[in-house]
Amino acid sequence: MNIYGDWGNALVLAQRLRWHGYAPELLEYNVGDDFPAHVDLIVGGGGQDSGQVVIQDDLLSRETVLKELAEDGTPMLVICGLYQLFGKFFKTRTGSVIPGIGILDVETHGTDERLIGNVAVSSPEFGTVLGYENHSGQTTLGPGVAPLGTTAKGTGNNSSDGQEGARYRNIVASYLHGSLLPKNPALADFLIKTAVERKYGTFVPGTPDDSYAVLAREHAARRPR
Amino acid sequence: MLYFSVPLGKLVRRVSRLRGGGSALPGLVVEKIDPGFMQRTLSTLPLGVAVVSGTNGKTTTTKMVVELLESQGLKVFTNRTGSNFTRGVAAALLGEVDWRGRLDADVAVLELDEAHAVHFVNKVPPRYCLLLNVLRDQLDRFGEIDKTAELLQHIAAKTTGTVVLNREDPRVARIADTLEPAAVNGPEVLYFGLDDSLLSTFPNDDELRAAPGSPVPPAPAKPQADVVLRRVGADDADFEYDGATVTTHMLLRGVYNIFNAAAALTLARAITGARGSGTDHAGLLAALANVAPAFGRGESLVVDGLPLELVLVKNPSGFRLGLKSFPAAGYATMIAINDNYADGRDMSWLWDVEFDTLREGGVDQLTGSRAYDMALRLQYDDVAIGAVDTDIAAALAAFIRGAKDQPKRIFCTYTAMLAIRRELSKITTVEVVS
């Protein structure tokens, strides 16, 4: 699923890995593909409600392998629609239940309210995380996960508790697109560092030039909701 | 009330023009004091009302339909200001009606924003509608593109005569299935289409990142199209209709504009066909060849004796087509990205455009409120960047100064385009749309 430029997250991970001196192999996984034998990092995007329905069966058939990878500490970034389906379920407005794969202790309920606009999140791990949200499903976190952070601007997981996203093992789940990683290099480098350390034991960072990212962040932070 | 509303509305229109702005205010005034004004006035037109909607290409397509119909001797009322809201239509009407509220026209061709079209067609059911596409535009207003498709479906449902649909956009083509059949009082459905060889130049949103087997809504079996675009050349194009292929010179550039010419031909043929006196085909093609782009849409101006082209980009498909239609070689390039309400506040779409075609020459100047988002995007595609300045006037001046001996091209979002035109009008002649 890639409705909000989520492809940008994959592009940023691959390009930054190169800038850090590594040679990444980017595999695209679509419905019905063979699941790759070896995976170091997983990134997934959001879709419309109709897109979520289309990937549902395929995702459920991958439940076991994804759970094993998650529990083993594989870094993953799941955005919006895939965040919802990584949780226990998505109960739509009309009461039908789309089952998730339950890696994250979260549940999502469809609402008539659409949460749309620029978002700033204060994250204890990654500092200020900037992005854009557009969702009508509202997610609440269970005790098994922590939020990614608290919203300084925007709504986040739901319209009541001021929390955004979820953190579990090396998974980062979030409603933010924008795309998320280009303007949040600290988050991108967490995923990269975790993946590289798991594969090679150590991570030797390069020196990516983040000056445009810094300026893009400053301007994004000042834009209206 | 009836006799006062028109003169009063005209007066407000005059005053607000003297003040130099507010094209919609007089429309608001007349709507308030005489809610039936628009419906009453438009219902007098012998060939009725045609609504043009969709996420992309409304302005140029509407302009084409108007010029095609005028070539057939029809008097056409249209909302030329690009004020595509209901009260914008009312305001435009005030400029055209006489003091007793009579409109001297055969047909109205109106460009309507997807969301506002719904309100409009509830008040004034159109005889014709032309639905262009559902691209990932303005999701910050509509949430999901499926929602945008529902808005277009509502326009079609209210149409009494003929619905013209884009055969190649699955979300638009499927609207036909939701309509009452023509035999049971539903509208007639016509399609415009593309030759298979051109399909790959029009990726829809679902296909931007989709490999085979990805979640793309299934397309219905292809219906017969009334007009098919068969080929696009450097300055000509082939259209097929009535069982024959015609080649015509085109002033318009950009494959998406020329595809919309097929849409305009379909609608214009439907309207003139209904008139009874037939269609002057030679006149229609001559008019089509001479259509110039609407302001900012592939428009070419002259600065320092060399062309400066403005290419409006609003969503990933449009930007991709813009890059494909206007090759970078030989041109100095500027990109201006704003995120005001009319542009859409969400910047994620920039990540679904590939900028590798700009890699060889680089981009000379970036500007707009989100210039640094654009810079970051180009950095990740290894495209060299000359300068970045969020101030559009300063950036434009620097760009023109720095590329004095080169033809120039500016890719810009909607409000950035307006700002650039304002600045350019100080140094060159820019088409005035009144």
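The values are calculated or read from the model by the stated rules, or taken from the named source; none is laboratory data. From a predicted model like this one, the values you see are computed outputs, not experimental measurements. Reconstructed Cβ throughout: ideal geometry from the backbone, glycine too, with neighbour counts over all protein chains shown. Each accessible area value is taken on the protein alone, full model and side chains, heavy atoms only, with ligands, DNA and RNA left out. Shrake-Rupley method; radii C 1.70, N 1.55, O 1.52, S 1.80 Å.
Taking every protein chain into account, the accessible area of segment A:70-118 amounts to 34 square angstrom per residue (probe 1.4 Å). Students often get this wrong, so check it: of B:Lys123/B:Lys147; A:Lys67/A:Lys199; B:Lys63/B:Lys404; B:Lys32/B:Lys75; B:Lys58/B:Lys324; B:Lys324/B:Lys408, which have C-alpha atoms separated by over 25 Å? Among B:Lys123/B:Lys147; A:Lys67/A:Lys199; B:Lys63/B:Lys404; B:Lys32/B:Lys75; B:Lys58/B:Lys324; B:Lys324/B:Lys408, the Cα-Cα distance tops 25 Å for B:Lys63/B:Lys404; B:Lys32/B:Lys75.
With a 1.4 Å probe, what is the total accessible area buried between chains B and A, in Å² rounded to the nearest 100?
Working: alone 18340 and 10700 Å², together 25660 Å².
So the total buried area for this chain pair works out to about 3400 Å².
Could you work out the mean count of beta carbons from other protein chains within 10 Å of each residue's beta carbon in A:205-216? Numbers along the way, then the final one.
Numbers: counts 0, 0, 0, 1, 1, 2, 4, 13, 6, 2, 7, 10.
Taking the mean over all residues of the peptide, I get 4.
Would you work out if segment A:106-225 is rounded, prolate or oblate? Take a ≥ b ≥ c from the square roots of the eigenvalues of the alpha-carbon gyration tensor; rounded if a/c is under 1.5, else prolate when a/b is larger than b/c, oblate otherwise. Here segment A:106-225 falls in the oblate category. Centre-to-centre, using Cα atoms only, segment B:34-84 and segment A:168-182 are separated by 46 Å.
Can you give the mean number of other chain Cβ atoms that lie within 10 Å of the Cβ atoms in peptide A:178-187?
Numbers: counts 6, 8, 1, 2, 9, 4, 0, 1, 0, 0.
Per residue, the average neighbour count from other chains is 3.
Between A:Gly127, A:Gly162, A:Gly102, the residue with the greatest mean-square fluctuation in the GNM of chain A (Cα pairs under 10 Å linked by springs) is A:Gly127. Charges were assigned to the Cβ only: +1 to each Lys and Arg, -1 to each Asp and Glu. The resulting dipole of segment B:54-186 about its Cα centre is roughly 260 debye.
Using per-residue counts of other Cβ atoms within 10 Å, averaged over each peptide, order B:234-247, A:176-189 from highest down.
Values: B:234-247: 13.6, A:176-189: 26.4.
Highest-to-lowest ranking by the protection proxy: A:176-189, B:234-247.
Computed over chain A with a Gaussian network model linking Cα atoms closer than 10 Å, the most mobile of A:Asp161, A:Asp57, A:Asp209 is A:Asp209. Normalised by the number of residues in segment A:56-141, the mean separation of alpha-carbon contacts (under 8 Å, six or more apart) gives a relative contact order of 23 percent.
Could you tell me which of rounded, prolate or oblate describes segment A:62-163, using a ≥ b ≥ c as the square roots of the eigenvalues of the alpha-carbon gyration tensor, with rounded for a/c under 1.5 and, failing that, prolate when a/b is larger than b/c and oblate otherwise? If you can, show how the numbers build up before the last one.
Numbers: a/c = 2.05, a/b = 1.13, b/c = 1.81.
Judged from the Cα gyration tensor, segment A:62-163 comes out oblate (a/c at least 1.5, b/c at or above a/b).
Averaged over the residues of peptide A:105-117, the number of Cβ atoms from other protein chains lying within 10 Å of each residue's Cβ is 1.
For the protein assembly as shown, report the % of Cα-Cα distances exceeding 50 Å. Value for the protein assembly as shown (Cα pairs over 50 Å): 14 percent. Going from the isolated chain to the complete set of protein chains, segment A:1-50 loses at least 30 Å² of heavy-atom accessible area (1.4 Å probe) at A:Asn2, A:Ile3, A:Tyr4, A:Gly5, A:Trp7, A:Leu11, A:Gln15, A:Trp19, A:Asn30, A:Val31, A:Gln48.
Mean-square fluctuations from a GNM of chain B, with a 10 angstrom spring cutoff on Cα atoms, peak among B:Pro407, B:Pro125, B:Pro181 at B:Pro181. Projected over all directions and averaged, the alpha-carbon convex hull of chain A occupies 11.7 nm². Solvent-accessible area assigned to carbon and sulfur over chain B amounts to 52 percent, based on a 1.4 Å probe.
Counting only DSSP H runs of at least 4 residues, each contributing -39500 (n - 2.57), and dividing by the residue count of chain B, the helix-based mean residue ellipticity at 222 nm comes to -11000 deg cm²/dmol. Solvent-accessible area of segment A:166-225 (1.4 angstrom probe, protein heavy atoms only): carbon and sulfur portion equals 54 percent.
Only beta bridges with both residues in chain B are counted; by DSSP, about 30 percent of them are antiparallel.
Between B:Trp351, B:Leu312, B:Thr247, the Cα set farthest toward the positive side of the dipole of segment B:244-369 (charges on each charged residue's Cβ, about the Cα centre) is that of B:Thr247. Taken about its Cα centre, chain B carries a charge dipole of roughly 1600 debye when the Cβ of each Lys and Arg holds +1 and the Cβ of each Asp and Glu holds -1.
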